[in-house]
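What follows is a short report on a single structure.
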Amino acid sequence: MTAERVLAGLDPDQRRAVTAPAGPVCILAGAGTGKTRAITHRIAYRSLTGEISGRHVLAVTFTARAAAEMRARLTALGAAGVQARTFHAAALRQVRYFAPRLLEGRGMPELLESKGRLVALAATRAGVRVDRTGARDLAAEIEWAKSSLAEPGEYAVAAAKALREPPIEAAKVAEVFAAYEQLKRRQGVIDFEDMLRAAVWGIEEHPDVAEQIRAQYRHFVVDEYQDVNPLQQRLLDAWLGGREDVTVVGDASQTIYSFTGATSSYLIDFPKQRRDAVVVRLVRDYRSTPQVVGLANAVIRQARGSEARLRLELQGQRPPGAEPELKIFADEPAEATAVARRCRELIASGTPASEIAVLFRTNAQSETYEKALAEIEVPYVVRGAERFFERSEVRQAMVALRSAVRSIPGETPLVDAVVEALAATGWARDQPPPGGAAREQWEALAALVTLAEEYAAAPEVLPLGEAGAVQRDVSLAAFNAELARRAEQQHAPTVAGVTLASLHSAKGLEWDAVFLVGLSDGTLPTTYAKTPEQLEEERRLLYVGVTRARQWLWLSYGQSRSPGGRARRPCRFLPQLERSGGTERAGASSVSRKPDRRRSQVSSCRICGATLLAGADRKLGRCPTCPSDLDEDLFARLTEWRRRAAAAQKVPAYVVFTDATVVALAERRPDTPADLLAIAGIGPRKLGQYGEAVFALVRGADPDDLVAENFGN
Ligand code: ATP
Ligand code: MG
């Protein structure tokens, strides 16, 4: 790839960000506008022109998946040697490397995977009785404090300032926090925040460490910068050491980690803090169809608070696609079954399973969908917080694969060898357990087999410039080396399955088809969201979800959790969603004045029976994807008549009837006032004004024969 080629795939605004000289750059832009694309291209452009060396770049982001995505994009662009990591992974690597020097020979202390156990113990010490959930809430509170750089003694004041609602009295939280810190020290373990602090401390207090790190990393890039927390910012500042070569990109409207201490204020204030910063705003959405973009805009248009001030109206760049579907089901299992079926249809009609995602508010919702998909044999993968190669079953499998190099004859084909080695650990290829953790484990090992299949079939990824020059080695030993390399890179293998993931973990990612499920009030927004700020964050979560879809978007909820259960209300952000439905573009002020009237007009699809929420769908009387029984001839005559009627009244055509209404008329052929009034959106006024003309057209009249006087008011 040449530098010119790298620039060719960019629009003028993106190009400005990519070619900006060394120094601070800030990209403030909406979802799908090419922020991640801009930073990866900036890195590639600068290294291909020789301005910088990829080895000196540190690109950070917040999830392992996003880091993997960034690495993949950089590799495709030919930017070699760039470190793309999460804050945690970057800090861990650093601390491991410098630990012997900083700790005078002692190794790195053990890293606590989760705080729960020690927090429960600390609570007991502080005289607080908690169950497991209580301990988890306290752990989250301690995590918030540590990420916000608050010590136990400062907790109460910091929490009050931040308008936290602690799970127990603030003074008590502080006590538990102090006890937890003490226990940790005594046991010689550290948690994730300690690890970040150690990285900061190593640099701030040790000039030799600082010098070495700063010689290594000279150019910094931070993706999803709206979700940085004060501790991570402190680490970034330590890395920079006053230097200015830093590019940050983010979207304040996608701030969804405030509850953990993240704050978009660093992003918002960046241009003020660094006056010489090049600031670029992007509004062209390259990811999603105009239908999805319209819906996203409608969701975020209602947002309030500081994050909303930078909000930009996205402009869809892709060709039009299907209208988003909005559906209500009787209960969650019914919803999951319908989602699974639609997944199967999409796959059957050519959408790869890996291009489909089912996204939900909480991980606990995953199980219902796992079951529904498994039942009709649609493959899926569950994306959790855990990194693939850190899962215990994967680590064990890798040990087994390494020892199998000696026990399995060398001439055994790779895939067979892998299956055989895994079988020795109790795994059976064609016996996937139905659900839950067991299924996840099975899935993880199946992913290793898929990886072996890919490895055996395709040439390994060779370092740049060496392609074709090396004999391929598809032995088990070579495969093990490849796994080790990937593990080092923390690159989870992509398996061809429908992705099940939480909205939080979907940030920055995209799929052709996205299902946003469980959109009931109390789930999204969660009942835990009480303050206006918390509710705004829930709205932004929905925005993040909507903007993951390239082509198809489905939004649904089950009225009750289980069959016959108590009915719940739809997500309160849905009325805004309604208004964006295709031809009924948002902005119709009458809609915003009477949202409840519209919401109460629930009707169902005359073909499949699903409840229709979107205005345009209700007008049609069916889901946009259900087969249409449109009368083409009537449709053509109605359209022509509408054109004339609008011209006679000097109004735009949609004022007479919207496109959706014309389609509904051509499908339902109303020939009585009652039929006409049954079409959503047609009231007595339209009946009086246009009723006769419509009936005449339905009976076969030619628009030419309908005189213009009919159109007077
Ligand atoms: P998010 O806010 O969700 O992280 P983003 O701003 O980082 O989104 P990208 O993921 O970089 O957006 O880009 C969205 C999609 O649009 C990607 O598939 C990307 O390849 C594509 N894209 C971005 N810019 C362009 C462009 N100039 N021409 C064509 N496609 C583009
Ligand atoms: Mg991005």
Members of segment 60-78 that are under 14 Å from residue 43 (Cβ atoms) and polar (S, T, N, Q): 61, 75
Boolean, residue 48 is more than 28 Å from the chain's Cα centre (by Cα), at pLDDT 90 or above and not polar (S, T, N, Q): yes
Positions within segment 647-678 being in a loop (DSSP other than H, G, I, E, B) and among the small types (Gly, Ala, Ser), in sequence order: 678
Subset tally (residues that are open to solvent by less than 60 Å² (accessible area, probe 1.4 Å), of a type outside the set (Val, Ile, Thr) and within 13 Å of residue 139 (Cα to Cα)) for segment 157-183: 7
Residues that are assigned to a helix (DSSP H, G or I) and either assigned by TED's automatic domain parsing to the domain that holds residue 139 or surrounded by fewer than 14 Cβ atoms within 10 Å (Cβ to Cβ) (or both), drawn from segment 98-115: 100, 101
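Yes/no per residue for (1) touching a Leu at 6+ places or on another chain (Cβ under 9 Å); (2) within 30 Å of residue 448 (Cβ to Cβ):
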{"position": "506", "(1), (2)": "yes, yes"}
{"position": "520", "(1), (2)": "no, no"}
{"position": "523", "(1), (2)": "no, no"}
{"position": "533", "(1), (2)": "yes, no"}
{"position": "536", "(1), (2)": "no, no"}
{"position": "541", "(1), (2)": "yes, no"}
{"position": "551", "(1), (2)": "no, no"}
{"position": "561", "(1), (2)": "no, no"}
{"position": "566", "(1), (2)": "no, no"}
Complete set of residues in segment 506-519 that are open to solvent by 30 Å² or more (accessible area, probe 1.4 Å) and within 16 Å of ligand 2 (Cβ to nearest atom): 510
Single residue of segment 520-545 satisfying the filter (out of contact with any strand residue (DSSP E or B) (no Cβ under 8 Å at 6 or more places or on another chain) and within 13 Å of residue 253 (Cβ to Cβ)) that is surrounded by the fewest Cβ atoms within 10 Å (Cβ to Cβ): 537
Given (1) open to solvent by 40 Å² or more (accessible area, probe 1.4 Å); (2) under 22 Å from residue 34 (Cβ atoms); (3) not acidic (Asp, Glu), index of the condition residue 300 fails: (1)
Count - residues of segment 349-399 that are among the hydrophobic types (A, V, I, L, M, F, W, C), surrounded by fewer than 19 Cβ atoms within 10 Å (Cβ to Cβ) and at pLDDT 90 or above: 2
Condition met for residue 110 (in contact (Cβ under 8 Å) with a residue 24 or more places away in the chain and either farther than 30 Å from residue 197 by Cβ or within 16 Å of ligand 2 (Cβ to nearest atom) (or both)): no
Count - residues of segment 245-258 that are β-branched (Val, Ile, Thr) and open to solvent by 10 Å² or more (accessible area, probe 1.4 Å): 0
Identity of the residue in segment 57-76, outside any helix (DSSP H, G or I) and within 15 Å of ligand 2 (Cβ to nearest atom), that ends up farthest from residue 234 (Cα to Cα): 63
Pair list, Cβ under 8 Å, 6 or more apart: segment 242-254 residue in a loop (DSSP other than H, G, I, E, B), other residue within 12 Å of ligand 2 (Cβ to nearest atom): 251/29; 251/30; 251/31; 251/35; 251/226
Long-range neighbours under 6 Å by Cβ, at least six apart or interchain, first residue closer than 30 Å to residue 565 by Cα within segment 330-354, second open to solvent by 40 Å² or more (accessible area, probe 1.4 Å): 330/559; 331/562; 331/563; 332/368; 332/561; 336/368; 340/376; 344/376
Residue count for segment 213-227, restricted to those that are touching a residue at least 40 places away in the same chain (Cβ under 8 Å), surrounded by 16 or more Cβ atoms within 10 Å (Cβ to Cβ) and away from ligand 2 (no atom under 14 Å from the Cβ): 5
Selection status of residue 231, in the same structural domain as residue 89 (by TED's automatic domain parsing), more than 14 Å from residue 33 (Cα to Cα), touching a Lys or Arg at 6+ places or on another chain (Cβ under 9 Å) and part of a helix (DSSP H, G or I): yes
Residues (buried (at least 17 other Cβ atoms within 10 Å of the Cβ) and either of a type in the set (S, T, N, Q) or more than 21 Å from residue 617 (Cβ to Cβ) (or both)) located in segment 645-681: 645, 646, 658, 661
Some residue of segment 311-319 being within 16 Å of ligand 1 (Cβ to nearest atom) and assigned by TED's automatic domain parsing to the domain that holds residue 569: no
Tally, over segment 18-49, of residues that are away from ligand 1 (no atom under 11 Å from the Cβ) and within 20 Å of residue 268 (Cβ to Cβ): 5
Residue 313 buried (at least 18 other Cβ atoms within 10 Å of the Cβ), away from ligand 2 (no atom under 16 Å from the Cβ) and either within 27 Å of residue 18 (Cα to Cα) or of a type in the set (Val, Ile, Thr) (or both): no
Subset of segment 269-303 [under 21 Å from the mean Cα position of the chain (by Cα), more than 16 Å from ligand 1 (Cβ to nearest atom) and in a loop (DSSP other than H, G, I, E, B)]: 302
Tally, over segment 259-285, of residues that are under 18 Å from residue 161 (Cβ atoms) and either open to solvent by 40 Å² or more (accessible area, probe 1.4 Å) or among the β-branched types (Val, Ile, Thr) (or both): 6
Residues satisfying the stated conditions in segment 72-92, i.e. modelled with pLDDT under 90, out of contact with any helix residue (DSSP H, G or I) (no Cβ under 6 Å at 6 or more places or on another chain) and open to solvent by 30 Å² or more (accessible area, probe 1.4 Å): 72, 75, 76
Condition check for residue 75: more than 23 Å from residue 213 (Cα to Cα), in contact (Cβ under 8 Å) with a residue 40 or more places away in the chain and more than 14 Å from ligand 1 (Cβ to nearest atom): yes
Of residues in segment 53-65 being open to solvent by less than 20 Å² (accessible area, probe 1.4 Å) and in contact (Cβ under 8 Å) with a residue 40 or more places away in the chain, the one nearest to the chain's Cα centre (by Cα): 61
Residue within segment 449-459 that is closer than 30 Å to residue 372 by Cβ, in the same structural domain as residue 391 (by TED's automatic domain parsing) and modelled with pLDDT of 85 or more present: yes
Test: residue 531 is at pLDDT 70 or above and among the β-branched types (Val, Ile, Thr): yes
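The values are calculated or read from the model by the stated rules, or taken from the named source; none is laboratory data. Since the model is a prediction, treat every value here as computed from it, not as a measurement. Methodologically, a virtual Cβ is constructed for each residue, glycine included, from the backbone with ideal geometry; neighbour enumeration extends over all protein chains shown. When the accessible area is computed, the model is the full protein with side chains, heavy atoms only, and any ligands, DNA or RNA have been set aside. Shrake-Rupley method; radii C 1.70, N 1.55, O 1.52, S 1.80 Å.
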